[in-house]
1. So which residues in region 196-220 are surrounded by 16 or more Cβ atoms within 10 Å (Cβ to Cβ) and among the hydrophobic types (A, V, I, L, M, F, W, C), if there are any at all?
2. I need the full set of residues from region 105-133 which are of a type in the set (A, V, I, L, M, F, W, C), outside any strand (DSSP E or B) and modelled with pLDDT of 90 or more, in order please.
3. Which of the residues that make up region 105-145 are under 14 Å from the mean Cα position of the chain (by Cα) and more than 30 Å from Ala160 (Cβ to Cβ)?
4. Give me the residue from region 123-148 that is among the β-branched types (Val, Ile, Thr) and touching a strand residue (DSSP E or B) at 6+ places or on another chain (Cβ under 8 Å) and, out of that set, surrounded by the most Cβ atoms within 10 Å (Cβ to Cβ).
5. Would you say Ser163 is without any contact (Cβ under 8 Å) to a residue 60 or more places away in the chain, in a strand (DSSP E or B), within 20 Å of the chain's Cα centre (by Cα) and crowded, with 18+ Cβ neighbours inside 10 Å?
6. Of everything in region 166-189, what is closer than 26 Å to Leu242 by Cβ, of a type outside the set (Phe, Trp, Tyr) and assigned to a strand (DSSP E or B)? Give them in sequence order.
7. So Gly102 passes all but one of these: (1) of a type outside the set (Phe, Trp, Tyr); (2) modelled with pLDDT under 95; (3) within 11 Å of the chain's Cα centre (by Cα); (4) surrounded by fewer than 22 Cβ atoms within 10 Å (Cβ to Cβ). Which condition number does it fail?
8. Counting just the residues of region 166-221 that are among the hydrophobic types (A, V, I, L, M, F, W, C) and without any contact (Cβ under 8 Å) to a residue 12 or more places away in the chain, which one comes out nearest to Asp97 (Cα to Cα)?
Amino acid sequence: MTKGKSHNSILFLTTLGVYLGLVMVGGAAPHVYAHAATTRNFEISDEIEVKDDLDKMPDSGASTLSDSFGVYLQDLDVFLSGLRNLSTSGKFHPGSDAFEVGQTTILPCVPANKVGSYTADAFVSTSETLRPSLEWFSKRLTDGYSLADCLPTARFSGQAATSSKFVLKLDSQAFSVEVGVKKQSPAAAQRLIAALSDTYKLFKPKETDSVRALVYEKTSFRLQNDQVFIVTRLPRGSLDSLPATSAK
């Protein structure tokens, strides 16, 4: 996209109001697409329905750390409960199905922003019936849960933007989710790690046999220079015994 056409293109894409980033094949150059507004009332092939009190905020300053981490846990709870429902109805096979979805996102720090740069790194699934669930969760992961810092980027001519990435994967060893965000410095990343560790303690589930309890136990944080990663990794075998709860 040339500089002369970028403004009109962004307006046009905002009007479209569709999410196209995840249908791009891996390795393609980044494109500017409309960032679809998410809603907490949704239905995926009649398998998942959720109505939440927590709402994901797109602006980095509009939500607290507790809100962001709480929504992350909640989204994982919904996704895994959905896999359980799909498994019960024979549409997901924990012992054989596999998938990998990855994306890098740059979102300009503009109030109520709906556009950004989305680079799809991977979207592979052995089961087409999983696509609606994977697309839903991918959209939830898109902005790094508002944890990245606003930093100047050449992608938008020096305009401040947040940078995040995610990998959602199920292979022969494990189910894993990794969400990475870029901070302004290694020191800022270290502060976020410390704050996340403190926040983590606030979300310990009261029930020990719930999907949320499993997610909580298997979630950790990783520091890499100026980046912070939230990582949840469940042994593949644990998907066979997910608690039969409903995310409603």
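1. Leu196, Phe203, Val211, Ala213, Leu214, Val215, listed by residue number.
2. Taking region 105-133 and keeping what is of a type in the set (A, V, I, L, M, F, W, C), we get 106-107, 109-110, 112, 115, 120, 122-124, 130.
Restricting the remaining residues to those that are outside any strand (DSSP E or B) gives 109-110, 112, 130.
Matches in region 105-133: Cys109, Leu130.
3. Ser133, Leu134 - these are the residues of region 105-145 that are under 14 Å from the mean Cα position of the chain (by Cα) and more than 30 Å from Ala160 (Cβ to Cβ).
4. Just the residues of region 123-148 that are among the β-branched types (Val, Ile, Thr), to begin with: 124, 126, 129, 142.
The next check asks that each one be touching a strand residue (DSSP E or B) at 6+ places or on another chain (Cβ under 8 Å); those that pass are 124, 126, 142.
Numbers: Val124: 13, Thr126: 11, Thr142: 24.
Restricting to residues being among the β-branched types (Val, Ile, Thr) and touching a strand residue (DSSP E or B) at 6+ places or on another chain (Cβ under 8 Å), the top hit is Thr142.
5. Values: without any contact (Cβ under 8 Å) to a residue 60 or more places away in the chain: yes; in a strand (DSSP E or B): yes; within 20 Å of the chain's Cα centre (by Cα): yes; crowded, with 18+ Cβ neighbours inside 10 Å: yes.
Considered against the rule, which asks whether it is without any contact (Cβ under 8 Å) to a residue 60 or more places away in the chain, in a strand (DSSP E or B), within 20 Å of the chain's Cα centre (by Cα) and crowded, with 18+ Cβ neighbours inside 10 Å, Ser163 comes out as yes.
6. Of region 166-189, the ones closer than 26 Å to Leu242 by Cβ are 166-180.
Then drop every residue that is not of a type outside the set (Phe, Trp, Tyr), which leaves 167-174, 176-180.
Across region 166-189, the qualifying residues are Val167, Leu168, Lys169, Leu170, Ala174, Ser176, Val177, Glu178, Val179, Gly180.
7. (2)
8. Restricting to residues being among the hydrophobic types (A, V, I, L, M, F, W, C) and without any contact (Cβ under 8 Å) to a residue 12 or more places away in the chain, the top hit is Ala213.
The values are calculated or read from the model by the stated rules, or taken from the named source; none is laboratory data. What you see is a predicted model, and the numbers here were worked out from it, not measured in a lab. Glycine gets a Cβ as well: all are built from the backbone with ideal geometry, and neighbour counts include every protein chain shown.
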